[in-house]
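Worksheet for the structure shown next.
The values are calculated or read from the model by the stated rules, or taken from the named source; none is laboratory data. Here the structure is a predicted model, which means the values were calculated and not measured. No Cβ is skipped: glycine too gets one built from the backbone with ideal geometry, and neighbour counts run over all protein chains shown. Note: accessible area is taken over every heavy atom of the protein model, side chains too, but ligands, DNA and RNA are not part of it. Shrake-Rupley method; radii C 1.70, N 1.55, O 1.52, S 1.80 Å.
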4 protein chains.
Amino acid sequence: MRVGFIGLGAMGGVMAARLLDAGHELAVWNRSPGAAEQLARRGAQRLQHPEEAFSSDAVITMLADDGAVRDVVLANKALQRAVNKRLVHVGMSTVSVGFAQELERSHAEAGLGYVAAPVMGRPDVAAAGKLNIIAAGAADAIERVRPLLDAMGQKTWVFGAEPHKANVAKLSMNFLIGAAIEAMAEAVTLAERYQVVPKTLMDLLTGTLFAAPAYAVYGGLILKGEFMPANFKLTLGLKDMRLALAAGEAAGVPLPFASVVRDNLVDAIGHGDADKDWSAVARVARRRAGLDDGPPRR
Amino acid sequence: MRVGFIGLGAMGGVMAARLLDAGHELAVWNRSPGAAEQLARRGAQRLQHPEEAFSSDAVITMLADDGAVRDVVLANKALQRAVNKRLVHVGMSTVSVGFAQELERSHAEAGLGYVAAPVMGRPDVAAAGKLNIIAAGAADAIERVRPLLDAMGQKTWVFGAEPHKANVAKLSMNFLIGAAIEAMAEAVTLAERYQVVPKTLMDLLTGTLFAAPAYAVYGGLILKGEFMPANFKLTLGLKDMRLALAAGEAAGVPLPFASVVRDNLVDAIGHGDADKDWSAVARVARRRAGLDDGPPRR
Amino acid sequence: MRVGFIGLGAMGGVMAARLLDAGHELAVWNRSPGAAEQLARRGAQRLQHPEEAFSSDAVITMLADDGAVRDVVLANKALQRAVNKRLVHVGMSTVSVGFAQELERSHAEAGLGYVAAPVMGRPDVAAAGKLNIIAAGAADAIERVRPLLDAMGQKTWVFGAEPHKANVAKLSMNFLIGAAIEAMAEAVTLAERYQVVPKTLMDLLTGTLFAAPAYAVYGGLILKGEFMPANFKLTLGLKDMRLALAAGEAAGVPLPFASVVRDNLVDAIGHGDADKDWSAVARVARRRAGLDDGPPRR
Amino acid sequence: MRVGFIGLGAMGGVMAARLLDAGHELAVWNRSPGAAEQLARRGAQRLQHPEEAFSSDAVITMLADDGAVRDVVLANKALQRAVNKRLVHVGMSTVSVGFAQELERSHAEAGLGYVAAPVMGRPDVAAAGKLNIIAAGAADAIERVRPLLDAMGQKTWVFGAEPHKANVAKLSMNFLIGAAIEAMAEAVTLAERYQVVPKTLMDLLTGTLFAAPAYAVYGGLILKGEFMPANFKLTLGLKDMRLALAAGEAAGVPLPFASVVRDNLVDAIGHGDADKDWSAVARVARRRAGLDDGPPRR
């Protein structure tokens, strides 16, 4: 399958490599050229302009945010110029629900297929092809790009025919992670203030009702108090909380927990933790309780 | 071992039965006499007054709240009258941290052993001897009552020598459950407002990062929208959030998530859900988003 | 009028002095004897036991909290022993609504009059007889003690026949003050972060829509960043927020603003501001925004 | 003075009329032509295109939001085309702080004067020339447009040389109003649940510590429970809370009160109150407390 791939960041780079490994013909573009070179050496074609990617069978975008996708997909009329009307665009970026709906309309007007397919997992997970992919779009469009999704992820969770629903689901997941981090932060801080050994508390919860990766992974980071290098930067976490709140606002859904997490992420950024893993927001609870900046005492 | 058991409610009754099964000699007391009769038929001695339970090797209290424990243990000078100075009192009720500290001091003054040992699990779990027991107290006191704990629980998690730490850990756990319920309620409501199928979202989360009992069990209840009969009553959930907040207040720990959950539980009670399972607090998020009172639409 | 006065703290002492000035016959009691001596020199009778105060025409209690009132009024059966059945007890302490209701029932059972009459104003205001008194109770009981209220306050606001309603109104007022302080704290911090001169902002608001004492007085303290000596201690503010939240809980009223203020007061206490004026809670907003501990920069 | 005026909505229309009354030469533009006609009959020149307004001595914009200002001022290069380099643009719309900063830079690059001057007051206040104007910009630019500001407002509050500071101050004010409304809503709901007469409570607060227009005006609306016609629409209130939160986010300032108000405004919109006065957010507190939709019972 001939695939255009736009956006070769930490995630996009390894995802594109998975497609090469699976035997797909790849044409790549990235704002800064370094990442494209590496893939070119492995056989990918390098494109001069992102809109050239839209002359493939499928085009994948994996970009930072609404603005980056808008610049590449909408601003330069890439959709209108696409000649292959069977093209399917797979939007894998985490974008706002409002913009996702705009993309949906734009593709419909241009008569092109569009599948929203944001992912769960970090670069090492992507490199192993073990991403969970949250997809939505017309069933036949999803089927056409299924080989690509299967090459990048271990499982594709389909959320129906309207692409933006995948973005809602993705934001819901990230909101749940943010809430779990905040809940652990408060619980561990309360425990520490009573000189309960945080590790014992964490063993209890991850050994019983909360025996799940979200608690084990982020709880482990909180216990160690080591938030660098960041798996998922705190500023990205704030972006996702903002998108969840905006989605709630547009749909009439108050999200008091998301508001608390948002406020605490803002607090964290003001205290120098912008580039840390977003579980560093746990330091806010500690600081507010008058505890020092170190990890919880063991 | 000769054991006094005070408090034969839904939990206490089955826990006491486990001790009988394990061959211990039981003397029981309950405010309302029905539960005691049943155990008497199985060989337990019925006591006229709760303080008589303190003439055993060990006494277990499994009562509703601070007030009930105070009436039985402190108000009638049961501790001062106890003649067996090797007696260990195992306090398994969920009480406030402040009262737990008072109990700690009272036992120390009376020269008696005291182990706080609140539990995680519901009546059916207790009947199967599969409770998780959160214990703290002097190491030798815990060892003396270990056979009792082993008869009632599948595992005892020890939180050190000061009994009240077990109560802090227990409240932390219940706070985490309350937070997980609220987080799911907000996420599912957001999803539903965008006509995302809630079941697919729940499958995604319990199939990936949140593959844990707390999410599977309470998420399942939220999806079904069936909150009766209550596994854990909403009013009890409110009590525990209040105790967590009070513990935070006494130790200088703000708990913004607990405040949100508390406010929502108050909202739920005002809307007739006091006796439902505490996951019925999910109806608050739905109602605030202008959705009807039914379960999420599938 | 023969008046018993129990509780001669910073407020009670000057209020009792106002009654002496107005020509009433005073019998006083205080836990620590110093304050009573001073009034004795001015003609007041000193009592050995607080229950002796209940042999007057009216008895006023101005004590720290529920516990102090309980010890004096309920624990020693003062009500049952009172022989003058036309006695009216004027409860001026800020107590919980639940306890206020209990007092109401106890007085009714003892056949004694009871007026709840908490006050607004600080010691200097009390010394000038300019308090605002928030009263509730049977109309004839209020009329009988009207001369006393008039001697202590500039105005008595009557909230009906059930005494506890005065306590609800008083807690509502203090909640509104706490909310105004928090709102100003957030606004001033936002302004300062954009290098807006806080004084200009405060001039604008107190010169237009918020031209009221609550904003002028507490806004002034926030601007100066001087919170000592405390007009109203932060720990007392926390007590009142806790009472407001408890009143809401008992009546099914979520109070999200009160929850935020409560959490911030807890934060403030953990940072050493327990004995400062409760407007020092403004330092929490500053600290969370990464600003130093000084006053807002002018 | 020759003045261009862009945006003749409910506010802009009466403000422009004040300038005509004061003898200024007016050239007006509005998206929908009706409002311009009315002013034309009173002597104003009607413009075909908004950029023509930039050939005056001063141009005033009074538009709905960032987008409307962007379309008129930035999108059509109005600034670059302006030939009179002594022109001062007075931006009176309530815009985001981020966009205010962008406008600041754009005017500096174009070498034009720029004064941000959002206003406090409603159409009837504007008609009487009694607005409070919150202004910031270079001192000489402010002086040049002073006659215009004086014709429209009773007082101009100057917040320094950087225009965006006026927008920060304006959003701070609106945030404070939103917080006062929410605080009153919670207090009145608590009172009502205890059958305290809401009117007596409101008399107490507006008669003592909260004797200020914000409390009297919005408190009065809450008491009556009549929120139509809207003085300031709830959706506009939500917009301003969103802008305040965004300003806080950009500057590292958590705003927990603004988050609560935002969530409640979202709740209100979902319950059909989008077009009501924003004090209708008080209905959220009532609804959450299980009270009916009517006004507080008197």
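Below is a table of values for the structure above.
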| quantity | calculated |
| --- | --- |
| Other-copy label distances relative to B:GLN101, 7 angstrom Cα-Cβ extension, nm | 2.9, 4.5, 5.2 |
| Within chain D, helix-based [θ] at 222 nm, where runs of 4 or more DSSP H residues each add -39,500 (n - 2.57), nearest 500 | -16000 deg cm²/dmol |
| Estimated dipole of chain D in Debye, rounded to 20 [Cβ of Lys and Arg +1, of Asp and Glu -1, Cα centre] | 360 debye |
| Estimated distance in nm for a label pair at A:ASP150 and D:GLN101, the labels positioned 7 Å out from Cα along Cα-to-Cβ | 4.9 nm |
| Crossing angle, helix D:10-21 versus chain D [Cα axis fit, 0-90 degrees, rounded to tens] | 50 degrees |
| The range C:120-130 - phi-based ³J(HN,Hα) in whole Hz, Karplus 6.51/-1.76/1.60, Gly and Pro as x | 10, x, 9, x, 5, 5, 5, 4, 8, x, 10 |
| Reduced Cα scattering model of the range D:129-286, Debye log10 I(q)/I(0), q = 0.10, 0.11, 0.18, 0.19 Å⁻¹ | -0.43, -0.52, -1.12, -1.18 |
| Of all chain A residues, the one whose C-beta is nearest the axis that brings A onto D, in angstrom | A:SER259, 2 |
| Averaged over D:156-167, number of beta-carbon atoms from partner chains that fall within 10 Å | 3 |
| At 7 Å out from Cα toward Cβ: C:ALA127 inter-copy label distances (nm, ascending) | 5.2, 7.1, 7.4 |
| Cubic angstrom per residue, convex hull over Cα atoms of the protein assembly as shown | 181 Å³ |
| Flagged links, alpha-carbon separation over 21 Å, of A:LYS130/A:LYS170; A:LYS85/A:LYS165; C:LYS165/C:LYS239; D:LYS85/D:LYS170; A:LYS239/D:LYS77 | A:LYS85/A:LYS165; D:LYS85/D:LYS170; A:LYS239/D:LYS77 |
| Average silhouette area of the range C:1-56, convex hull of alpha-carbon atoms, in square nanometres | 3.2 nm² |
| Distance histogram for chain C (every C-alpha pair counted, 10 angstrom bins, percent rounded to whole numbers) | 6, 27, 31, 21, 11, 3, 0 |
| In Å, descending, principal axis extents of the Cα set of the range C:32-105 | 38, 26, 18 |
| Accessible area (Å², 1.4 Å probe, nearest 10) - B:LYS155 | 100 Å² |
| Within 10 Å of each Cβ in B:237-249, the average number of Cβ atoms from other chains | 3 |
| Long-range Cα-Cα pairs in the range C:1-152 (distance over 25 Å), rounded percent | 18 percent |
| Pairs of alpha carbons in the range C:87-186 whose separation is greater than 19 Å (percent) | 42 percent |
| Residues with amide H under 5 Å from that of C:GLY225, placed H, sequence gap 5 or more | none |
| Cβ-defined net charge surrounding D:PRO123, 13 Å radius [Lys, Arg +1; Asp, Glu -1] | +3 |
| For the range B:123-172, alpha-carbon Rg over 2.2 N^0.38 Å | 1.12 |
| Probe 1.4 Å, all protein chains present, accessible-area order of B:ARG146, B:ARG262, largest first | B:ARG146, B:ARG262 |
| Copies compared at D:PHE232 - label distances in nm, ascending, label defined 7 Å from Cα in the Cβ direction | 2.5, 3.7, 4.3 |
| Under-5 Å amide H pairs with B:VAL115, H placed in peptide plane, nonlocal only | B:HIS89, B:VAL90, B:GLY91 |
| Quotient of Cα Rg and 2.2 N^0.38 Å for the range A:259-298, N being how many residues it contains | 1.10 |
| The range C:44-80 and the range A:11-36: distance between their alpha carbon centers, rounded to Å | 83 Å |
| Enclosed volume per residue, in Å³, of the convex hull spanned by Cα atoms of the range D:89-139 | 76 Å³ |
| Eligible lysines near D:LYS224 by straight Cα distance, threshold 21 Å, same-chain separation 8 or greater | D:LYS199, D:LYS233, D:LYS276 |
| Integer Hz, Karplus 6.51/-1.76/1.60 couplings in order for the range B:185-195, x for Gly and Pro | 4, 5, 5, 5, 5, 4, 4, 4, 4, 9, 6 |
| Averaged over B:263-273, number of beta-carbon atoms from partner chains that fall within 10 Å | 6 |
| For B:LYS155, distant residues with modelled amide H under 5 Å away | B:ILE133 |
| Cα convex hull volume per residue for the range B:158-240 (Å³) | 106 Å³ |
| Per-residue HN-Hα couplings for the range A:82-94 [Karplus 6.51, -1.76, 1.60; θ = phi - 60°; Hz; x = Gly/Pro] | 4, 8, 6, 6, 8, 4, 10, 8, 9, x, 9, 6, 8 |
